[in-house]
Amino acid sequence: MIEVFLILLPFFGGILSFIIPKFNKVIGLGTFVLTLFFVFGLGLQLLDKGSYYHFIGGWDAPLGINLYVDGLSLVMLGLTSVMGLSLSIYAKKYFICKQSLWFWTIWLFMIAGLNALFLSQDIFNFYVTLELIGLSSVALTALSDTKEALTGAMRYLLITLLGSLFYLLGVALLYHGFGSVDIVILSKKIESIPVAWAALGLMSIGLLLKSALFPFHFWLPLAHSSAPAPISAILSAVIIKASLYIQLRLWSSLFIPLGADLYFEVLFAFFGSLAVIWGSIKALVQTRLKMLIAYSTVAQVGYLFIAFSLALGGISIAWSALVYLILSHALAKSAMFLVAGNLLHFHGHDRIIDLDRIAQRLPLSTTAFALAGVSIIGLPLSGGFIGKWFLLEASITKSNWVITCTILLGGLLATGYVFKVLGFTFTKTAFSQETKNISLSMELIPLSLAIMAIALGFFATPLFSLMEIGNPFFIIRVQP
Amino acid sequence: MTRFFVVIVVSLLFIGVSYAILSLPQQAQGLSQAVYTEMGKSGVSNPVTAVLMNFRAYDTLLEMAVLFVALIGVYSLSYIKKEANLRLQSSVLQRLGGILVPFLLLLSVYLLWVGAHASGGAFQAGSMVSASAILMFLSGWKFSLFPQHTFVRLLLSLSLIVFLFIAILTLYMSKELLLLPVKEASYFIFILEAAATVSIGITLFNLFVAIFSQQKEKK
């Protein structure tokens, strides 16, 4: 019963902050603190009882909609609520009055949509939650009210709608062919007929558009770099992974039994590797900090799909690598975007060569960026290291040397772009720049996120056992 | 060159999807049978309403949230300060509006009521409400349905508030979200639909007006 409050509570908070805009900050923060408590409660319940279903309306599938909670959904819900609370504290200081009037309502609705998505077990319900988070992220991107942000938001809107429509067409085909929209029922009924293959193709394309895998990444850098800092952070940290999560659920229960993994394994690995190389090189040549971070996201999405491809190839450790990369990238990347937001506020620009002794003047932000960089590169002891280590192990088990080399090369390029930024934090510019004050909480939040990204490296074992509750990748394991 | 490429990709997609659709078995395996067997417990006799408001009421809750977010998104872009003041000056429109609006509102109430056993329901009734509000607005009647007023904000979110209230109530009664008790289900559904009608009507009206005021600013 706890899980439904994760959906109802943010909705309630969002409406309340809409009706009483005067107290929207208090309402927003209060809602996030409560949500975090409920996630803790859910975790305790899950440890106690194991994975379980909630039949909404008491109907049960195929007629009704089922919610499903297991270790994987718990980890994603935990990530969402931690990100939600920290970004809210940051946003409380970041947004000026005019923007914050609507920010909190849309923001809370987006979190409600994310929570609903991670709890869902129904392919049509997935579509509705995708629409909810898609529309709210477009609205939040446009909130920074600049020309780039509006262009970025418009492109993002078109892409996210196109992706949703592709996905919806797939849902319609599956429903017509097999008479259900519930994943469990579908997994029993699905057979290898043309409809199933068409649905596989359409849904995968739709979700890849939203996840911004390499040839479909063209909309991401502008949207993610022009959005307000906390929004860039949530977009890179959670939103693009939400569509990957659906992909994961669909493949592990529907499409792998079809025997589709062979072709797609190669396809995902190919585009994933290209994304790593292309994204990292583009990041290396950027002159603006937020663009650099956005292109780094393109590269990191590549890693996620390499892990996905190896997992489809039947290597179970790749699933752990995938989830670990999702978590560590979310924490590190959001820390980076928040630091970029601080610098943008401090100097009024984010040109990398004019960073002007940030290391001395904003030491906390610089530390946060460096620590986040350590995790993005994948240096030992950080969360990113564990993810990449498992990924390497999986690729070596598979004796796929191309992927192994790509992972190593990607790490090298990441070192390049992180140190490019860090180098300029010490230099002094020839001209003097006016600076604005930054409140302490805006510096402490990215720092704590970056520390969490590092600390993730120390809690690998308990996190893996948490993830395994309900064995979300069970169907893969029994495959020969 | 790009256009050529796009044509090829789209036609390949078209061929693939049409092949898949043509290869479908003649008889769809839909859920209509399951809907008809359980209809007695749903509280209404219109299958569409039964699916939207009872079997898959949770989807409808999320869809109401999507509509709400769309409106807030438009607000966040346009920063409406004053009432949009584009009006069509026409005596015909004014007279006609005076005659039509009462009938339109009556019709929307009828649509809402009839939704329980025939075609109709909250979405149709809501668009009727918004149509009559737009007609009134265009004929230059003095009335205000803008989000500066707390009352209007309440009306806009009324549907979600009622949904959440019923969600909590059903959780308290049965530990299952939105489990409507069989005997009282028809009342619950009517309340949900009535609230949805109001919210949908005012939301659509506000979306219309927001676009109007946007165009006005550009000039």
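What tally of residues in the range B:1-31 results from selecting those that are in a helix (DSSP H, G or I), open to solvent by less than 60 Å² (accessible area, probe 1.4 Å) and either within 29 Å of B:V48 (Cβ to Cβ) or more than 9 Å from chain A (Cβ to nearest Cβ) (or both)?
4
Just give me the residues in the range B:141-167 being more than 7 Å from chain A (Cβ to nearest Cβ), part of a helix (DSSP H, G or I) and free of Cβ contacts under 8 Å to residues at least 12 places away in the same chain, in sequence order.
First, pick out the residues of the range B:141-167 that are more than 7 Å from chain A (Cβ to nearest Cβ): B:141-149, B:151-152, B:155-156, B:158-159, B:162-163, B:165-166.
Now restrict to residues that are part of a helix (DSSP H, G or I): B:151-152, B:155-156, B:158-159, B:162-163, B:165-166.
The answer is B:F151, B:F165.
Considering only residues of the range B:51-67 that are in contact (Cβ under 8 Å) with a residue 40 or more places away in the chain and within 7 Å of another protein chain (Cβ to nearest Cβ), which is farthest from the chain's Cα centre (by Cα)?
Among those residues, the one meeting the criterion is B:N54.
Exactly one of (1) in contact (Cβ under 8 Å) with a residue 60 or more places away in the chain; (2) crowded, with 23+ Cβ neighbours inside 10 Å is unmet by A:L46. Its number?
For A:L46, the exception is condition (2).
For the range A:335-401, please list each of the helices (runs of 4 or more DSSP H) lying entirely inside it that holds at least 2 residues being at pLDDT below 90 and surrounded by fewer than 18 Cβ atoms within 10 Å (Cβ to Cβ).
Fully inside the range A:335-401 and qualifying: A:358-361.
Of all residues in the range B:37-50 being part of a helix (DSSP H, G or I) and crowded, with 21+ Cβ neighbours inside 10 Å, which is nearest to the other protein chains (Cβ to nearest Cβ)? Explain how you work it out, then say what you get.
Of the residues in the range B:37-50, the ones part of a helix (DSSP H, G or I) are B:37-41, B:47-50.
Next, from what is left, pick out any that are crowded, with 21+ Cβ neighbours inside 10 Å: B:49-50.
On the way: B:T49: 14, B:A50: 10 Å.
Among residues in the range B:37-50 that are part of a helix (DSSP H, G or I) and crowded, with 21+ Cβ neighbours inside 10 Å, the one nearest to the other protein chains (Cβ to nearest Cβ) is B:A50.
Looking at the range A:112-124 only, could you name the residues that are facing chain B (nearest Cβ under 9 Å) and buried (at least 24 other Cβ atoms within 10 Å of the Cβ)?
The initial filter retains those residues of the range A:112-124 that are facing chain B (nearest Cβ under 9 Å), namely A:112-113, A:116, A:122, A:124.
Matches in the range A:112-124: A:A112, A:G113, A:A116, A:D122.
Can you name every residue in the range A:65-84 that is buried (at least 24 other Cβ atoms within 10 Å of the Cβ) and either of a type in the set (D, E, K, R) or within 14 Å of chain B (Cβ to nearest Cβ) (or both)?
A:I65, A:V69
Name the one entry in A:A233, A:A321, A:A269 that is of a type outside the set (D, E, K, R), under 23 Å from A:H347 (Cβ atoms) and touching a Gly at 6+ places or on another chain (Cβ under 9 Å).
Working: A:A321 fails: under 23 Å from A:H347 (Cβ atoms); A:A269 fails: under 23 Å from A:H347 (Cβ atoms).
One residue alone meets the criteria, A:A233.
Okay, residues lined up against (1) touching a Ser or Thr at 6+ places or on another chain (Cβ under 7 Å); (2) on the phi < 0 side of the Ramachandran plot; (3) assigned to a helix (DSSP H, G or I):
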{"site": "B:F103", "(1), (2), (3)": "no, yes, yes"}
{"site": "B:S119", "(1), (2), (3)": "no, yes, no"}
{"site": "B:M128", "(1), (2), (3)": "yes, yes, yes"}
{"site": "B:A131", "(1), (2), (3)": "no, yes, yes"}
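Looking at A:F18, A:F12, A:F5, can you tell me which residue is in contact with a helix residue (DSSP H, G or I) (Cβ under 9 Å, 6 or more places away or on another chain), at the interface with another protein chain (Cβ under 10 Å from one of its Cβ atoms), open to solvent by less than 40 Å² (accessible area, probe 1.4 Å) and in a helix (DSSP H, G or I)? Full working, then the answer.
Working: A:F12 fails: open to solvent by less than 40 Å² (accessible area, probe 1.4 Å); A:F5 fails: open to solvent by less than 40 Å² (accessible area, probe 1.4 Å).
Exactly one residue qualifies, and that residue is A:F18.
Can you confirm whether A:L220 is more than 20 Å from A:S73 (Cα to Cα) and more than 14 Å from chain B (Cβ to nearest Cβ)? Let's see the steps before the verdict.
Values: more than 20 Å from A:S73 (Cα to Cα): yes; more than 14 Å from chain B (Cβ to nearest Cβ): yes.
The answer is yes for A:L220.
Looking at (1) assigned to a loop (DSSP other than H, G, I, E, B); (2) more than 30 Å from A:L284 (Cβ to Cβ); (3) of a type outside the set (A, V, I, L, M), which is the one condition that is false for A:K428?
Unmet for A:K428, out of (1) assigned to a loop (DSSP other than H, G, I, E, B); (2) more than 30 Å from A:L284 (Cβ to Cβ); (3) of a type outside the set (A, V, I, L, M): (2).
Answer yes or no: is there a residue in the range A:137-155 that is open to solvent by 10 Å² or more (accessible area, probe 1.4 Å), away from chain B (no Cβ under 14 Å) and over 21 Å from B:S18 (Cα atoms).
Checking the range A:137-155: at least one residue is open to solvent by 10 Å² or more (accessible area, probe 1.4 Å), away from chain B (no Cβ under 14 Å) and over 21 Å from B:S18 (Cα atoms).
On the given criteria, is B:A57 surrounded by 21 or more Cβ atoms within 10 Å (Cβ to Cβ), under 20 Å from B:I161 (Cα atoms) and not hydroxyl-bearing (S, T, Y)?
yes
From the list A:I315, A:I234, A:I239, which residue is out of contact with any Phe, Trp or Tyr (no Cβ under 7 Å at 6 or more places or on another chain) and open to solvent by less than 10 Å² (accessible area, probe 1.4 Å)? Can you show your working first?
Working: A:I315 fails: open to solvent by less than 10 Å² (accessible area, probe 1.4 Å); A:I239 fails: open to solvent by less than 10 Å² (accessible area, probe 1.4 Å).
Just one listed residue meets the conditions, A:I234.
Looking only at the range A:39-57, filter to residues that are part of a helix (DSSP H, G or I) and facing another protein chain (nearest Cβ under 7 Å); which one of those is farthest from A:R249 (Cα to Cα)? Step through it out loud before you land on a result.
The initial filter retains those residues of the range A:39-57 that are part of a helix (DSSP H, G or I), namely A:39-49, A:56-57.
Cutting the leftovers down to facing another protein chain (nearest Cβ under 7 Å) gives us A:56-57.
Details: A:I56: 20, A:G57: 23 Å.
In this case the residue turns out to be A:G57.
In contact (Cβ under 8 Å) with a residue 40 or more places away in the chain, part of a helix (DSSP H, G or I) and more than 10 Å from every other protein chain (Cβ to nearest Cβ): which single residue out of A:L87, A:L101 fits that description? Before the answer, list the steps.
On the way: A:L101 fails: more than 10 Å from every other protein chain (Cβ to nearest Cβ).
Sole residue among the options that is in contact (Cβ under 8 Å) with a residue 40 or more places away in the chain, part of a helix (DSSP H, G or I) and more than 10 Å from every other protein chain (Cβ to nearest Cβ): A:L87.
Go through (1) more than 19 Å from the chain's Cα centre (by Cα); (2) of a type in the set (S, T, Y); (3) part of a helix (DSSP H, G or I) one by one and return the number of the condition A:S180 breaks.
(3)
Answer with yes or no whether A:F23 is of a type in the set (A, V, I, L, M, F, W, C) and at pLDDT 95 or above. Step through it out loud before you land on a result.
Working: of a type in the set (A, V, I, L, M, F, W, C): yes; at pLDDT 95 or above: no.
Taking the combined requirement at face value, the residue does not satisfy it.
Any residue in the range A:188-208 that is within 8 Å of chain B (Cβ to nearest Cβ) sitting within a Cβ distance under 7 Å of a residue that is among the hydroxyl-bearing types (S, T, Y) and in a helix (DSSP H, G or I)? List the pairs, counting only those 6 or more apart or interchain.
Final answer for the pair search is A:P194/B:Y19.
Please pick out the residue among A:A453, A:A460, A:A430 that is of a type in the set (G, A, S) and buried (at least 21 other Cβ atoms within 10 Å of the Cβ). Full working, then the answer.
On the way: A:A460 fails: buried (at least 21 other Cβ atoms within 10 Å of the Cβ); A:A430 fails: buried (at least 21 other Cβ atoms within 10 Å of the Cβ).
Just one listed residue meets the conditions, A:A453.
Yes or no, residue by residue, for (1) modelled with pLDDT under 90; (2) open to solvent by 40 Å² or more (accessible area, probe 1.4 Å); (3) among the β-branched types (V, I, T):
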residue: A:L162; (1), (2), (3): no, yes, no
residue: A:I183; (1), (2), (3): no, no, yes
residue: A:K189; (1), (2), (3): yes, yes, no
residue: A:P194; (1), (2), (3): yes, yes, no
residue: A:S204; (1), (2), (3): no, no, no
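Could you tell me which numbered condition A:L165 fails, if it satisfies all but one of (1) closer than 18 Å to A:I123 by Cβ; (2) at the interface with another protein chain (Cβ under 9 Å from one of its Cβ atoms); (3) of a type in the set (A, V, I, L, M, F, W, C)?
A:L165 satisfies every listed condition except (2).
Any idea which of (1) closer than 16 Å to B:L177 by Cβ; (2) surrounded by fewer than 17 Cβ atoms within 10 Å (Cβ to Cβ); (3) more than 13 Å from chain B (Cβ to nearest Cβ); (4) not aliphatic (A, V, I, L, M) is the one A:D60 doesn't satisfy?
Condition (3) is where A:D60 drops out.
A:V266: open to solvent by 10 Å² or more (accessible area, probe 1.4 Å) and either over 13 Å from the mean Cα position of the chain (by Cα) or β-branched (V, I, T) (or both), yes or no?
Values: open to solvent by 10 Å² or more (accessible area, probe 1.4 Å): yes; either over 13 Å from the mean Cα position of the chain (by Cα) or β-branched (V, I, T) (or both): yes.
So A:V266 fits the description; yes.
Among the residues that make up the range A:29-37, is at least one of them open to solvent by less than 60 Å² (accessible area, probe 1.4 Å), more than 10 Å from chain B (Cβ to nearest Cβ) and closer than 30 Å to A:Y175 by Cβ?
Let us first name the residues in the range A:29-37 that are open to solvent by less than 60 Å² (accessible area, probe 1.4 Å), namely A:29-32, A:35-36.
Remaining after also requiring more than 10 Å from chain B (Cβ to nearest Cβ): A:29-32, A:35-36.
Checking the rest, the ones that are also closer than 30 Å to A:Y175 by Cβ come to none.
Checked against the condition, which is being open to solvent by less than 60 Å² (accessible area, probe 1.4 Å), more than 10 Å from chain B (Cβ to nearest Cβ) and closer than 30 Å to A:Y175 by Cβ, the range A:29-37 yields no hits at all.
Would you point out which residue out of A:L244, A:L292 is over 23 Å from A:F126 (Cβ atoms) and touching a helix residue (DSSP H, G or I) at 6+ places or on another chain (Cβ under 6 Å)? Break it down into steps so the answer makes sense when it comes.
Numbers: A:L244 fails: over 23 Å from A:F126 (Cβ atoms).
From the options A:L244, A:L292, the qualifying one is A:L292.
The values are calculated or read from the model by the stated rules, or taken from the named source; none is laboratory data. Note that the structure is a prediction, hence the values are computed from the model and not measured. When we count neighbours, we look across all protein chains shown, and the Cβ atoms used for this are built from the backbone with ideal geometry, even at glycine. For the accessible areas, the whole protein counts, side chains as well, though only heavy atoms, and no ligand, DNA or RNA atoms are used. Shrake-Rupley method; radii C 1.70, N 1.55, O 1.52, S 1.80 Å.
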